[in-house]
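Visitor: The structure's right below; bear with me while I get my questions together.
No value in this document is a laboratory result; all are computed from the given coordinates. Because the structure is a prediction, the values reported are computed rather than measured. Every residue, glycine as well, gets a Cβ built from its backbone with ideal geometry; the counts of neighbours run over all protein chains shown.
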Amino acid sequence: MKILIVGSGGREHAIAMAVKKSPKADKIYCAPGNAGIAQIAECVPIGAMEFDKLTAFAIEKAIDLVVIGMDDPLCGGIVDVMEEAHLKVFGPKKAAAILEGSKAFSKDLMKKYNIPTAAYETFTDADAALSYLETAKLPIVLKADGLALGKGVLICNTLEEAKDGVRTIMQDKKFGDAGNTLVIEEFMTGREVSVLTFVDGSHFAVMTSAQDHKRAGDGDTGLNTGGMGTFSPSPFYTKEIDEICRRMIYQPTVDAMRSEGREYKGVIFFGLMLTDDGPKVLEYNARFGDPEAQVVLPRMQTDIIDVFEACIDGTLDRIDLTFEDNAAVCVVLASDGYPVSYEKGYPITGFEHFDNSEYYCYHAGTAEKDGRIVTNGGRVLGITAKGNDLKEARKKAYEATEWIHFENKYMRHDIGKAIDEA
Ligand code: AMP
Ligand code: GLY
């Protein structure tokens, strides 16, 4: 089979590696890809939002399966455009990707179908939002409605902060049109867990759980980022909690989307908070997590192409989705200054140590320049190691971070600290 993967980050590198493991994969293309993906796939310089060019390329190369890694093209309707051209595509159509694309939509859906989530109100008028805040309980959470690179969420501890937040999102439009509508949400406490599921329109299959570290600094300080590291499985996501989630959250979400005429096929990523009142949905994403994919996919035993095809064909109930009985930890190596401003173009060394069976070096922001691999983004590499348990995986992952050298290398030193509390 010929497969085209759309995207350019560590997640797409992890998808490409999983696809490469399948005996069905003869040739892998990636658009636009990065320097690491280029070692196992042919990268083509077409942007993820260039739907017509991507479609023409896929037709020209007789691609058998297209896999969309990123949220922007999904929410923009790439699957609709490609299916129109009779291509086989893994990912939700535009009408379904709205589950991630609009927080107001997803909150309303959860309310309508009794799916546990934080209490909330939606506003399109800044003055109404400001006066609502006067009587709201603190801390309080503000969320820009649309896609904002995971950065459109503000947790406010004081009324002043919250009012500033409303002005920043709705009036100054810091996140652009994503802030035309604002969701103001109750603050929840508990452990966070990311659960990725494959969905075929009516059935779901749960992947192994993971936990992300979203803040830039050690001890969960600093700005929110795309994710600075992950571990899998989460020891806090027990069998009992999984049972509750399947019954109260996963199946109801898949059914709700069908009832709304928005049949969902692809990955639903459930961002959950394990509260004292039970698991609740923090957010939905319409794709694999990044860097969740970098700890989940290397542990997956089932042929990923079989799973992608079953999601498209509506036969996921016939797939036995299994994962290795071990653990993985991913530490992101970033450019110092991420997520605000940072320099790029520094040569990277140390790749030769990674064996792709216990140690993986997933490329995110890298490029090739004059025959060398150089830094080309905020998140540069995801260093993943597998171990028999989480502690061993964490030790190995941190050892492996020392193998890699580049100027301005930055990482968190406490990825997986929560493991010690389990
Ligand atoms: P989201 O993009 O919705 O996942 O939000 C980003 C991060 O903000 C989450 O991973 C949580 O850490 C935090 N967050 C979002 N909503 C809430 C909430 N209602 N209560 C507490 N923390 C939240
Ligand atoms: N790591 C969180 C996300 O992919 O949205």
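Visitor: Give me the pairs, please: first residue somewhere in the stretch 284-298 and under 12 Å from Ser209 (Cα atoms), second residue anywhere and near ligand 2 (Cβ under 8 Å from one of its atoms) and hydrophobic (A, V, I, L, M, F, W, C), beta-carbon distance under 6 Å, and either six or more positions apart or on two chains.
Guide: Pairs that qualify, where the first residue is under 12 Å from Ser209 (Cα atoms) and the partner is near ligand 2 (Cβ under 8 Å from one of its atoms) and hydrophobic (A, V, I, L, M, F, W, C), are Gly289/Phe269.
Visitor: Here's something else I'd like to know. Looking at the stretch 49-64, can you tell me whether even one residue there is crowded, with 17+ Cβ neighbours inside 10 Å and of a type in the set (Lys, Arg)? It would help to see each step written out before you state the result.
Guide: Quick first cut of the stretch 49-64, residues crowded, with 17+ Cβ neighbours inside 10 Å only: 50-51, 54-55, 57-58, 63-64.
Adding the requirement that they be of a type in the set (Lys, Arg) leaves none.
Among the residues of the stretch 49-64, not one is crowded, with 17+ Cβ neighbours inside 10 Å and of a type in the set (Lys, Arg), which makes the answer no.
Residues are listed down the side, and each one gets a yes or a no for (1) within 16 Å of ligand 1 (Cβ to nearest atom); (2) part of a strand (DSSP E or B):
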| site | (1), (2) |
| --- | --- |
| Tyr237 | yes, no |
| Arg247 | no, no |
| Pro252 | no, no |
| Gly271 | yes, yes |
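Visitor: Looking only at residues in the stretch 349-370 that are over 14 Å from Asn34 (Cα atoms) and without any contact (Cβ under 8 Å) to a residue 40 or more places away in the chain, which one is surrounded by the fewest Cβ atoms within 10 Å (Cβ to Cβ)? Full working, then the answer.
Guide: Residues of the stretch 349-370 over 14 Å from Asn34 (Cα atoms): 349-360, 370.
Restricting the remaining residues to those that are without any contact (Cβ under 8 Å) to a residue 40 or more places away in the chain gives 352, 355, 357-358, 370.
Details: Glu352: 8, Asp355: 9, Ser357: 8, Glu358: 16, Asp370: 6.
It comes out as Asp370.
Visitor: Follow-up question, since we're still on this one. Just to be sure I understand, how many residues within the stretch 199-244 are hydrophobic (A, V, I, L, M, F, W, C) and within 16 Å of ligand 2 (Cβ to nearest atom)? Steps first, answer last, please.
Guide: Filtering the stretch 199-244 for residues hydrophobic (A, V, I, L, M, F, W, C) gives 199, 204-207, 210, 216, 223, 228, 231, 236, 241, 244.
Going one step further and asking which of them are within 16 Å of ligand 2 (Cβ to nearest atom), we end up with 207, 210, 216, 223, 228, 231.
Residues flagged as hydrophobic (A, V, I, L, M, F, W, C) and within 16 Å of ligand 2 (Cβ to nearest atom) within the stretch 199-244 amount to 6.
Visitor: Now, a different point. Return yes or no: is Ile304 away from ligand 1 (no atom under 16 Å from the Cβ), out of contact with any His (no Cβ under 6 Å at 6 or more places or on another chain) and within 29 Å of Ser357 (Cβ to Cβ)?
Guide: Values: away from ligand 1 (no atom under 16 Å from the Cβ): yes; out of contact with any His (no Cβ under 6 Å at 6 or more places or on another chain): yes; within 29 Å of Ser357 (Cβ to Cβ): yes.
Against the criterion (away from ligand 1 (no atom under 16 Å from the Cβ), out of contact with any His (no Cβ under 6 Å at 6 or more places or on another chain) and within 29 Å of Ser357 (Cβ to Cβ)), Ile304 qualifies.
Visitor: Where in the stretch 47-148 are there strands (runs of 3 or more DSSP E), lying wholly inside it, with at least 3 residues that are within 16 Å of ligand 1 (Cβ to nearest atom) and free of Cβ contacts under 8 Å to residues at least 12 places away in the same chain? Quick ask: steps written out before the conclusion?
Guide: Values: elements: 65-68, 120-123, 140-144.
Fully inside the stretch 47-148 and qualifying: nothing.
Visitor: Moving to a separate point now. Has the stretch 192-210 got any residue that is over 30 Å from Gly314 (Cβ atoms), out of contact with any Gly (no Cβ under 9 Å at 6 or more places or on another chain) and surrounded by fewer than 21 Cβ atoms within 10 Å (Cβ to Cβ)?
Guide: Within the stretch 192-210, the first condition is being over 30 Å from Gly314 (Cβ atoms), and the residues that meet it are 192.
Imposing the further condition that a residue be out of contact with any Gly (no Cβ under 9 Å at 6 or more places or on another chain) reduces the set to none.
Within the stretch 192-210, not a single residue is over 30 Å from Gly314 (Cβ atoms), out of contact with any Gly (no Cβ under 9 Å at 6 or more places or on another chain) and surrounded by fewer than 21 Cβ atoms within 10 Å (Cβ to Cβ).
Visitor: May I ask you to list the residues in the stretch 357-415 that are closer than 18 Å to Ala210 by Cβ and among the polar types (S, T, N, Q)?
Guide: Thr384, Asn388
Visitor: Residues Ile268, Ile312: which one is in contact (Cβ under 8 Å) with a residue 12 or more places away in the chain and away from ligand 2 (no atom under 16 Å from the Cβ)? So that I can check it myself, show each step before the final result.
Guide: On the way: Ile268 fails: away from ligand 2 (no atom under 16 Å from the Cβ).
Going through Ile268, Ile312 in turn, just one is in contact (Cβ under 8 Å) with a residue 12 or more places away in the chain and away from ligand 2 (no atom under 16 Å from the Cβ): Ile312.
Visitor: Which pairs turn up if I take residues in the stretch 167-191 that are under 12 Å from Ala104 (Cβ atoms) and of a type in the set (Ser, Thr, Tyr) and look for partners that are more than 14 Å from ligand 1 (Cβ to nearest atom) and part of a loop (DSSP other than H, G, I, E, B) with beta carbon separation below 8 Å, at least 6 apart in sequence or on another chain?
Guide: Listed by first residue and then by second, the contacts come to Thr181/Thr124.
Visitor: Here is a further query. Of the residues that make up the stretch 280-293, is at least one in contact with a Pro (Cβ under 7 Å, 6 or more places away or on another chain), away from ligand 2 (no atom under 14 Å from the Cβ) and within 24 Å of Gly226 (Cα to Cα)? Working first, answer last.
Guide: Step one: list which residues in the stretch 280-293 are in contact with a Pro (Cβ under 7 Å, 6 or more places away or on another chain), which gives 280-281, 286.
In the following step, the residues that additionally are away from ligand 2 (no atom under 14 Å from the Cβ) were identified as 280.
This time we only want the ones that are within 24 Å of Gly226 (Cα to Cα), so: 280.
Checked against the condition, which is being in contact with a Pro (Cβ under 7 Å, 6 or more places away or on another chain), away from ligand 2 (no atom under 14 Å from the Cβ) and within 24 Å of Gly226 (Cα to Cα), the stretch 280-293 yields at least one hit.
Visitor: I've got another one for you. Can you give me the number of residues within the stretch 250-275 that are of a type in the set (D, E, K, R), surrounded by 21 or more Cβ atoms within 10 Å (Cβ to Cβ) and within 25 Å of Glu240 (Cα to Cα)?
Guide: Narrowing the stretch 250-275 to residues of a type in the set (D, E, K, R): 255, 258, 260, 262-263, 265.
Subsequent filtering for residues that are surrounded by 21 or more Cβ atoms within 10 Å (Cβ to Cβ) retains 265.
Add one more test, that the residue is within 25 Å of Glu240 (Cα to Cα), and what stays is none.
Residues flagged as of a type in the set (D, E, K, R), surrounded by 21 or more Cβ atoms within 10 Å (Cβ to Cβ) and within 25 Å of Glu240 (Cα to Cα) within the stretch 250-275 amount to 0.
Visitor: Related question: All but one of (1) more than 13 Å from ligand 1 (Cβ to nearest atom); (2) of a type outside the set (A, V, I, L, M); (3) within 16 Å of the chain's Cα centre (by Cα) hold for Glu192; which doesn't?
Guide: Against the list (1) more than 13 Å from ligand 1 (Cβ to nearest atom); (2) of a type outside the set (A, V, I, L, M); (3) within 16 Å of the chain's Cα centre (by Cα), Glu192 comes up short only on (1).
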